[in-house]
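To start, the structure under review is shown below, and the notes come after it.
Nothing in this text is a laboratory measurement; each read-out follows from the coordinates by a stated rule. What you see is a predicted model; the values in this text were computed from it and never measured. Every residue, glycine as well, gets a Cβ built from its backbone with ideal geometry; the counts of neighbours run over all protein chains shown.
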Amino acid sequence: MNGGCLPEFQGLIFDFNGVLLWDNELHETAWRRYSAHLRGTPLSDQEMREHVHGRVNADIFAYLLGKPVASADLPILAEAKESIYRELCLAAGDIFRLSPGAVELLDAMQNAGIPFAIATSSAEPNVRFYIDHLHLDRWFEPERLIYDRGLYPGKPAPYIYLEAAERLGMLPAECVVVEDSSAGIQAATAAGVGWLVALGPPGRHPELRTLPGVDEVIVDLHAFQLSLFSMSGSAKPDGGRSFDRQHVSRKTGDESIAQIAQRVRTTFAERVDHWKARSLIERHWILRDFKKRTGLPADRWLENLRRIETLATASDLEALAVEQPPISVLGDYYRHMVVMAKTFTRDEELLAAQLESIESWIEDVDRLSILIHPAERDAI
């Protein structure tokens, strides 16, 4: 996901099953038994890879039954399968323990003050089971254990990693994720994490390296690089340039107000469409991020959109003297657009192009406001 020199990241998010706990065989045995009970035939290896690993119970049962499961029936079905799994765990003896290198890595992260969390497709009963038997509370506060609560679609959707990053107080781009399943890798990639480590046995490494978004492949957590992190353990500022009106070009050339306004309208329409295409949870996360990154109320972002939309879409441009966005609005908008571009863009050349596009658009808006309201020139 990252080219050039490797940046320092701020936090780590673990998948659990298959990463911190190597229990895939136990889960597969439990699913095969329960699949045979439900539909008369166990799940195949291919079905395990495509429809089980990394996915939430609701999705797996929908596949097994060929239809969505009623919310009242899901807990009953899930508990029947998970009780088989938990019995297998307890009967497994020394096999049921944290994976090689996990304890050492968790201790090292804790001692270094680097924030970390778990983002797992497991449901609450299994998470409680892990806390009781694997003593996860030695390293994880309850708010750092993010599990399937049925609030949003599971992996490969990105939402659990968006929530995990938010719980850490970071942008996804500031986080490293360790995953083992293709669904989980898709989820982390879609969330825009900064560095994605795929974990698996050597025989899976060629496959894992071909998956989009994977930056590194390791065999176990002994091989994990602590050098990925800033040892301060605190989130970095956005690092973006501040909006400086003195740096905005004052040259209008031969362009008319109408020409500049049309370019602003077109670009704004694209950004509004991009905003409207996002899901409710993504919008919520973006607004929360705006508040964290700028120290301003979340509704300021929406107010900025409204005011700039007024400028960009009004038919009577001369009447906009009282509605033009002040420096503070343009500055807020510029800062947040830079943060969002850096969060969702992995390719450095594409990021540079996006930042240039953002600056050009803000420059157009500013030039337009000056042309509409000449007195604005005297204020700078």
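General observations
- The ranking of CYS89, CYS175 from fewest to most other beta carbons within 10 Å of each one's beta carbon is CYS89, CYS175.
- Segment 142-192 and segment 70-90 have their alpha-carbon centroids 23 Å apart.
- Shown here is the pair-distance distribution of segment 97-240: with all Cα-Cα distances grouped in 10 Å bins from zero up to the longest one, the shares run 11, 40, 41, 8, 0 percent.
- Ordering PRO68, ALA80, TRP22 by Cα displacement along the dipole of segment 22-96 toward the positive end leaves PRO68 in first place; charges were set at the Cβ atoms of Lys, Arg (+1) and Asp, Glu (-1).
- Convex hull (Cα only) mean projected area of segment 1-134, reported in nm² to one decimal: 10.5
- Neighbour counting of Cβ atoms within 10 Å sorts the residues HIS222, HIS51, HIS27, fewest neighbours leading, into HIS222, HIS51, HIS27.
- Burial ordering of THR189, THR210, THR29, fewest other beta-carbon atoms within 10 Å first: THR210, THR29, THR189
- Convex hull projection area averaged over all views, segment 22-96, Cα basis, nm²: 4.8
- Placing a label point 7 Å from the Cα of ALA62 along the Cα-to-Cβ direction, the residues of segment 16-54 whose backbone N falls under 16 Å of that point are 50-54.
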